[in-house]
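Report on the structure given below.
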Amino acid sequence: MALVHTGMTMSLDGFVADRRGGTARLSDPAAAGGSEYMDALIRATGAVVMGRRTFAMAEDPDWFVGNYEFQVPIFVLTHTPPPVMPAQDGRLTFTFVTDGIASAIAQAKAAAGDRVVQALGASVVQQVLRAGLADELHVDVAPVLLGEGLRLFDDPDLEGVALEKVGVQEVGGFTSLRFRVVT
Ligand SMILES: NC(=O)c1ccc[n+]([C@@H]2O[C@H](COP(=O)([O-])OP(=O)(O)OC[C@H]3O[C@@H](n4cnc5c(N)ncnc54)[C@H](OP(=O)(O)O)[C@@H]3O)[C@@H](O)[C@H]2O)c1
């Protein structure tokens, strides 16, 4: 059964997007396509669950096919599916999920087979941690201070989540922190 990994790239002061919603200062070429780190992540990933705002980071929804790093089934959480389905192919498909995080994760696990489900987007990270649906939390810490923006862990209900460190890896200037979620 697929494991669920969740997490994002975060500034040292705890933000996953800057005050304008941008992520440019959080990208590291060493973690980008073609690097050993990203290649391993891509090989391990069998499905993705993302929030609608992360999906909307691509100005053209048809961009995902052939360009997004994970060419796998994608499950987008939303209250309002788009009227027109984005482009899909034999590897990357879209499912817009309107009946909650547990449903999205269950569908993604079924699609991922024995590979990992990546759950992405700040609100999605919070929801899977709160619901006890994540097996691991991965936070890639960028060596930048953003001052303000979108906080990854801005949720008082996360206080009870217990974590056990399982790995620390240097990826270029970034520090990748991996935790097992203890249930
Ligand atoms: N640093 C990084 O690694 C990284 C990676 C990706 C994105 N980002 C940034 O993170 C931000 C996105 O995170 P976010 O927390 O703002 O948004 P998000 O998690 O990507 O999406 C939130 C939206 O998803 C839908 N949604 C979430 N949970 C739902 C549920 N249980 N049922 C129905 N719909 C649900 C809702 O959309 P509807 O309004 O459609 O209902 C909600 O407004 C962006 O600023 C992006 O630039 C950063």
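The values are calculated or read from the model by the stated rules, or taken from the named source; none is laboratory data. Keep in mind that this is a model prediction, so the values were computed, not measured. Positions of Cβ are generated from backbone atoms using ideal geometry, with glycine treated the same way; all protein chains shown enter the neighbour counts. The protein model used for the area step is the full one, side chains on, heavy atoms only, and it has no ligands, DNA or RNA in it. Shrake-Rupley method; radii C 1.70, N 1.55, O 1.52, S 1.80 Å.
Roughly how many debye, to the nearest 20, is the charge dipole of the chain about its Cα centre, given +1 on each Lys and Arg Cβ, -1 on each Asp and Glu Cβ, and no other charges?
Values: 14 positive and 22 negative charges, 42 e Å.
Taking the Cα centre of the chain as origin, the dipole is about 200 debye.
Can you give the FRET efficiency to the nearest 0.05 for residue 91 and residue 131, using r as the Cβ-Cβ distance and R₀ = 35 Å?
0.80
Determine the gain in length on full extension of the stretch residue 59-residue 175; use 0.36 nm per residue of separation and subtract their C-alpha separation, reporting nm with one decimal.
So the extension gain works out to 38.9 nm.
Between 14, 121, 22, where does the largest GNM mean-square fluctuation fall for the chain, given springs only between Cα atoms within less than 10 Å?
Largest GNM mean-square fluctuation: 22.
With a probe of 1.4 Å, find how much accessible area the chain has per residue, and write the answer as a whole number in Å².
That works out to 53 Å² for each residue.
Counting pairwise Cα distances across the chain, what percent come out greater than 19 angstrom?
Summing the P(r) tail past 19 Å for the chain gives 58 percent.
Which net charge results when you count Lys and Arg as +1 and Asp and Glu as -1 among the other residues whose beta-carbon is under 11 Å from that of residue 145? Don't skip to the answer; put the middle values down first.
Details: positive: 25; negative: 13, 18, 148.
Counting the neighbours of residue 145, the net charge comes to -2.
How much net charge surrounds residue 179 when only the other residues with a Cβ under 13 Å from the Cβ of residue 179 are counted, with Lys and Arg +1 and Asp and Glu -1?
With Lys, Arg at +1 and Asp, Glu at -1, the neighbours total -1.
What accessible area, in Å² to the nearest ten, does a 1.4 Å probe give for residue 153?
Number for this one is 90 Å².
I'd like the accessible area for residue 18, computed on protein heavy atoms only with a 1.4 Å probe and all protein chains in place. Round to 10 Å², please.
40
Arrange the residues 27, 103 by how much accessible surface each exposes, largest first, with a 1.4 angstrom probe.
Greatest to least solvent exposure: 27, 103.
In what sequence, largest accessible area first, do 170, 148 appear using a 1.4 Å probe?
Accessible-area ranking of 170, 148, largest first: 170, 148.
How many nm is it between the label spots at residue 165 and residue 114, if each spot is 7 Å from the Cα in line with the beta carbon?
If labels sit at residue 165 and residue 114, their model points lie 3.2 nm apart.
Just want to confirm a number: the relative contact order over the chain, from Cα pairs under 8 angstrom separated by 6+ residues, in percent.
34
At 1.4 Å probe size, put 85, 38, 57 in order of accessible surface, largest to smallest.
Listed by decreasing accessible area, they come as 57, 85, 38.
Mind checking the full-extension length gain between residue 20 and residue 106? Use 0.36 nm per residue of separation minus the Cα-Cα distance, one decimal, nm.
27.7 nm
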